[in-house]
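The values are calculated or read from the model by the stated rules, or taken from the named source; none is laboratory data. Every value quoted in this text rests on a predicted model; they were computed, and no experiment measured them. Every residue, glycine among them, receives a Cβ derived from its backbone with ideal geometry; neighbour counts consider all protein chains shown. These accessible areas exclude ligands, DNA and RNA; they are computed on the full protein's heavy atoms, side chains included. Shrake-Rupley method; radii C 1.70, N 1.55, O 1.52, S 1.80 Å.
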Amino acid sequence: MKAMIGITGSIMKNGDQQFCDHNQTYVGHDYIEAIQAVDAIPLVLPVLINKDDVTAIISRIDGLIISGGYDVSPDMYQQDAHTLLGDTLRARDIYEMALIKEALHQKKPILGICRGMQLLNISFGGTLYQDISLMKPTAIQHIQSGAPSTSSHDIHIARESVLKEVFSQNTIAVNSFHHQVVHQVADGFKISAISEDGLIEAIESEGELHILGVQWHPEMLADMIPLFRHFVKETQVRQVAI
């Protein structure tokens with residue numbers, strides 16, 4: 001049976017021209033295509049206010065992807081909003097943290113992408129830099145000007161990591177679209193990859209559960225299919241175990 005992969009959606013605040021006064025649920029179609037490419041079924045999960053439905057939602061999927069999007073609300077990690085903070089969507093933060101908690105309880109694999117990695121880190125007690133400039137100067141373009149389907153800089157992969165297992169390489173090229181970055185890594189997690197300028201590019205759980213966060217957007221890169229294939233394989237292994 002094909003794995004069902006839940007992908008968290010977001011809310012488009014301004015809508016399109018025809019329904020400009022209505023919020024709309026959306027997720028980048030690249031996520032859908034990436035999951036279909038590894039023979040799994042994508043399911044978009046809208047932002048819900050009623051957290052009571054979280055248990056039922058997680059029970060119906062085999063793996064959870066926390067997608068990219070708005071900045072994470074800084075009060076989630078006990079910080080005041082900096083002047084460089086971008087748009088936030090607190091309802092989404094709260095809902096996705098509930099999804100993560102329940103996925104952990106039901107032992108479902110989780111993959112966090114860009115903002116999703118940052119939210120994973122916060123969910124387990126870590127913190128963020130609200131803007132890369134608050135960390136240190138960098139010459140690397142972390143919000144690239146090139147097309148999303150092209151890589152813009154290299155990252156260095158830790159020897160004992162999921163990424164090393166997936167790619168069998170010490171260095172890979174990734175795209176980059178973020179201005180926030182992980183600061184303190186949550187307890188129970190380790191750094192899986194860093195950029196040349198020292199920014200954290202991937203984290204993973206140290207326990208038996210498969211929880212991985214990546215700072216780039218693998219769904220937009222053709223050579224990142226092995227990452228999604230590995231993730232779906234993990235969901236199937238755990239189905240057999242259960």
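For the pairs K101/K233; K164/K190; K51/K190; K136/K164; K108/K164; K2/K51, note any where the Cα-Cα span goes beyond 18 Å. Flagged as over cut-off: K101/K233; K51/K190; K136/K164; K108/K164; K2/K51. Maximal additional length on extending the M1-S145 stretch stands at 47.8 nm, based on 0.36 nm per residue less the C-alpha distance.
Here F177 sits with roughly 60 square angstrom of accessible surface, probe radius 1.4 Å. Accessible surface of the chain, 1.4 Å probe: 52 percent of it comes from carbon and sulfur atoms. Here the spin labels are modelled as points 7 Å beyond Cα on the Cα-Cβ line, and at L134 and A91 they lie 2.6 nm apart. In order along the stretch 173-187, the phi-based Karplus estimate (6.51 cos²θ - 1.76 cosθ + 1.60, θ = phi - 60°) of 3J(HN,Hα) comes to 9, 9, 8, 7, 9, 8, 10, 9, 8, 4, 9, 8, 6, 4, 4 Hz; Gly and Pro are listed as x. Positive end of the dipole of the chain (Cβ unit charges, origin at the Cα centre): among G198, L85, G213, the Cα lying farthest that way belongs to G213. Spin-label model, H82 to I41: label points 7 Å out along the Cα-to-beta-carbon direction sit 4.3 nm apart.
Between the beta carbons of D223 and E165, assuming R0 = 22 Å, the FRET efficiency works out to 0.85 to the nearest 0.05.
Taken over the alpha carbons of the chain as equal point scatterers, the Debye sum produces base-10 log I(q)/I(0) values at 0.10, 0.17 Å⁻¹ of -0.44, -1.39.
Remark: the stretch 61-72, residue by residue, has Karplus-estimated 3J(HN,Hα) of 10, 9, x, 10, 10, 8, 7, x, x, 4, 4, 7 Hz, where x stands for each Gly or Pro and the curve is 6.51 cos²θ - 1.76 cosθ + 1.60 at θ = phi - 60°. Per residue, the solvent-accessible area of the chain (1.4 Å probe, heavy atoms of protein chains only, all protein chains present) comes to 47 Å².
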